[in-house]
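The values are calculated or read from the model by the stated rules, or taken from the named source; none is laboratory data. Because the structure is predicted, anything quoted here is derived from the model rather than measured. Here the Cβ positions follow ideal geometry from the backbone for every residue, glycine too, while neighbour counts run over all protein chains shown.
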Amino acid sequence: MNKFNLILMLFATINMSAQAVMESTYLDVPATKIDRFVELHKTMTDMAQGEDRTIVGSWVYRHWYGSGHSIVIYDQFNSVEDAVKDDFFAALRKNVDKLSEAEQKEMSEVFNEWWSFFNNHTDEMRLWNPETDHVSKPDVDWDIPFVFVVGSYNSSGSEADLAKAYMEWSTRPGVENGLQLGGGSTLHYKGSGSDVQLYGGFKNIKEFAESISTQGTDRPEARSKFWSLVEGSHSDQIYIHVGHLVDGKFDLAGPNN
């Protein structure tokens, strides 16, 4: 490899590492045990906070419609380096060590039950720039069980161009002039996921249905460019928000939770 190509590779790596990332974890939790998982997840998330963590956000959704996994967890980090340095277990150990012997035994049982839900899970890392790849209405109350829609696509050309075209065709006008609370896109970095994921949040399923009934009617050029870059089939999933990390605590969706 010549020196010029090596410099290009190093520059690309630096650019990628400077971007924010999402780590997506997909779980197959039985429907009858989802509420129990969420309860356990809150306990473990709260117990595993501290100086060893570099996580800046974590959002949990339960499946509502489609053929996807029953639970998806999106952990947010400011960079790839932060995602690698994040040490959930070190923070957990330090906090558990502060407990009484009886409390440690109880926490061990909680951990084992919670961790059992991660059997056969899958995960991936996705690049995400909150400055350019996300838009939302001002002053949105995200502490509700809002509808979260995710579309997964592969591209025949530039992944970034596909994502940008969709943002211009659907996401931005949906947020600026419609019922969509917010939305954006992520690009594949590591793992087995699709090239591009497009996401959107809506207050409820009724407003989501109303929004897609007029999707993209005013921006045909962006719509055409988006579909010209889509390769193969795509999948769409509808989730319901169940909680997210707020000031070091896992906040369950809804008032007084």
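Details
- Within the option set ALA102, ALA160, ALA91, being free of Cβ contacts under 8 Å to residues at least 24 places away in the same chain and small (Gly, Ala, Ser) holds for one residue only, ALA102.
- Hits in the range 46-100 - residues which are outside any helix (DSSP H, G or I) and small (Gly, Ala, Ser): ALA48, GLY50, GLY57, SER58, GLY66, SER67, GLY68, SER70, SER79, SER100
- Applying the set (1) in a helix (DSSP H, G or I); (2) touching an Asp or Glu at 6+ places or on another chain (Cβ under 6 Å) to SER185 leaves exactly one unmet item: (1).
- Checking each residue in the range 1-39 for being modelled with pLDDT under 50 and either charged (D, E, K, R) or in contact with a strand residue (DSSP E or B) (Cβ under 7 Å, 6 or more places away or on another chain) (or both) picks out LYS3, MET16.
- Selection of the range 141-161 for residues being under 27 Å from SER70 (Cβ atoms) and not in a strand (DSSP E or B) yields ASP141, TRP142, ASP143, ILE144, PRO145, PHE146.
- Residue list for the range 26-57, filter: of a type in the set (S, T, N, Q) and buried (at least 18 other Cβ atoms within 10 Å of the Cβ): THR45, GLN49
- Total residues in the range 202-239 satisfying the condition of being touching a helix residue (DSSP H, G or I) at 6+ places or on another chain (Cβ under 9 Å) and under 23 Å from GLY57 (Cβ atoms): the figure is 2.
- Condition check for GLY151: touching a residue at least 60 places away in the same chain (Cβ under 8 Å) and surrounded by 17 or more Cβ atoms within 10 Å (Cβ to Cβ): yes
- Residue in the range 104-116 that is in contact with a Gly (Cβ under 7 Å, 6 or more places away or on another chain), part of a helix (DSSP H, G or I) and either more than 30 Å from ARG219 (Cβ to Cβ) or not hydrophobic (A, V, I, L, M, F, W, C) (or both) present: no
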